[in-house]
1. What do you reckon, is residue 290 farther than 20 Å from residue 166 by Cβ, part of a loop (DSSP other than H, G, I, E, B) and not assigned by TED's automatic domain parsing to the domain that holds residue 92?
2. Taking the stated definitions as given, is residue 278 outside any helix (DSSP H, G or I), surrounded by fewer than 18 Cβ atoms within 10 Å (Cβ to Cβ) and assigned by TED's automatic domain parsing to the domain that holds residue 203?
3. Can we say residue 344 is assigned to a helix (DSSP H, G or I) and under 30 Å from residue 87 (Cα atoms)?
4. Restricting to segment 234-259, what's the tally of residues that are surrounded by fewer than 15 Cβ atoms within 10 Å (Cβ to Cβ), farther than 18 Å from residue 207 by Cα and at pLDDT 70 or above?
5. Let me spell it out: the conditions are (1) out of contact with any strand residue (DSSP E or B) (no Cβ under 9 Å at 6 or more places or on another chain); (2) in contact (Cβ under 8 Å) with a residue 60 or more places away in the chain, and residue 247 meets all of them except one. Which number is the exception?
6. In segment 46-86, which residues are within 22 Å of residue 220 (Cα to Cα), at pLDDT 70 or above and part of a helix (DSSP H, G or I)?
């Protein structure tokens, strides 16, 4: 059996291992005085998750914790993500692979976190080489570093294989007997199917979720670039620096996901994806136009009115459409999301009360 088929056929067990190990890592991190160092090393080797949803190391979202031999903070978003991953894994199995939005989202976050970890590692090595600060490996345990790199490679490969498979397997909601006539230069008239477009509420959900995922995912990496950011602030100011950083990371985020999977984490939760408005395949050029068009001033207001398409849809000749979902298990997925969102909201409120 091909390795890709083995991964897809056993994705439940792989996802279960990742989520359960992540829970063990988090639980042991809350008991630093009870866990011997050898167990920390064992947990580190067995854990394959690279997800760390921080917020510029802001203490508002941080809980105290411990890693192999030093202390650092873990965001409250981490256990919520782990629970979402586990719930998505179980729901995927219980539904007979019919309901996958939670699992799709979890693997998408795992994938982008792995990419960011690779970039962060390259950035650290590049800085050390540029500064000529001696041995670039002096602050690392060489064996653990090799294990870490291998784990990154494995998790990126598994996540990519799974998400590509899900992209191919998903079905769109076809509007019965509705076809769009396309006029082509050489072939005359051609009729193509018309699919259910995403609603305005879903489009708002995309924007809201993706915005916060960009902030939470990239903030820790940006925090490690504090010296570079200080120089930028000095030369161009706070606001322009933040705009530039968000422009770079969000452009990378959208280009990566929509090129490879025709969806973003926000779209995975809303069970939607993008298609060509007049053809079967979307080119990379369209994705670039779609991504850069988001930077047009007041582009967000282009969704006002009767249409659900914004300027970045129209200029790139793309459409955001819904995927077919199981009604029963889809409701369960929404209930799980609501419970986790409510839990996070309660934490925020209690934290605000405690601070004021």
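1. Details: farther than 20 Å from residue 166 by Cβ: yes; part of a loop (DSSP other than H, G, I, E, B): no; not assigned by TED's automatic domain parsing to the domain that holds residue 92: yes.
Spelling it out, it is not the case that residue 290 is farther than 20 Å from residue 166 by Cβ, part of a loop (DSSP other than H, G, I, E, B) and not assigned by TED's automatic domain parsing to the domain that holds residue 92.
2. Yes.
3. yes
4. 8
5. Of the numbered conditions (1) out of contact with any strand residue (DSSP E or B) (no Cβ under 9 Å at 6 or more places or on another chain); (2) in contact (Cβ under 8 Å) with a residue 60 or more places away in the chain, the odd one out for residue 247 is (2).
6. If the condition is that a residue be within 22 Å of residue 220 (Cα to Cα), at pLDDT 70 or above and part of a helix (DSSP H, G or I), then 77, 78, 79, 80, 81, 82, 83, 84, 85 are the ones that fit.
The values are calculated or read from the model by the stated rules, or taken from the named source; none is laboratory data. Every value quoted in this text rests on a predicted model; they were computed, and no experiment measured them. Glycine gets a Cβ as well: all are built from the backbone with ideal geometry, and neighbour counts include every protein chain shown.
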